[in-house]
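Accompanying notes for the structure given below.
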Amino acid sequence: MGMDVEYLKKCMGKCLVEGLTEVADRQPVDPISFLAYWIYNYKEKINEEEKTKIERAQLESENENALVELERREKLKAEERLVAQKFEEQQKK
C-alpha cells in the first residue's frame with residue numbers, strides 16, 4: 001500500500017491536490033465528471049506550457065546565434081575597412 005501512495009504522490013500529487021481543491025471550491029453537481037474534465041485540461045495546459053518553454057528556448061538560441069553572426073559581420077566589415085585604408089595608403093606612396 002505504501003508504494004501505491006508514493007506513486008500517486010510522485011506522479012499525480014500536484015494535479016490531484018489542485019483538482020480536488022477546485023472541486024471543493026466550486027462544489028459541482030457532478031464532481032467526478034468535473035474532476036475528470038479538470039484533469040484532462042490540466043494535462044493539456046501542462047503540455048502547452050512545456051511546448052511554450054521549448055519554443056522560448058529555441059527562440060533564445062536563435063537570437064544568440066543571430067547576435068553572434070551580427071558581431072562576426074561587424075568584425076569583418078571593420079577588417080575590410082582597415083584593409084581598404086591600408087591599401088589606399090600604399091597606393092598614395
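The values are calculated or read from the model by the stated rules, or taken from the named source; none is laboratory data. Because the structure is a prediction, the values reported are computed rather than measured. Ideal geometry is used to build each Cβ from the backbone, glycine not excepted, and the neighbour counts take in all protein chains shown. Ligands, DNA and RNA are excluded from the accessible area calculation, which covers all protein heavy atoms including side chains. Shrake-Rupley method; radii C 1.70, N 1.55, O 1.52, S 1.80 Å.
List of remarks:
- Candidates in segment 2-23 are the residues that are of a type in the set (A, V, I, L, M, F, W, C) and over 22 Å from I46 (Cα atoms); of these, the one that is surrounded by the fewest Cβ atoms within 10 Å (Cβ to Cβ) is M3.
- Unique residue being open to solvent by less than 100 Å² (accessible area, probe 1.4 Å), in a helix (DSSP H, G or I) and of a type in the set (D, E) when the list is E80, E49: E49
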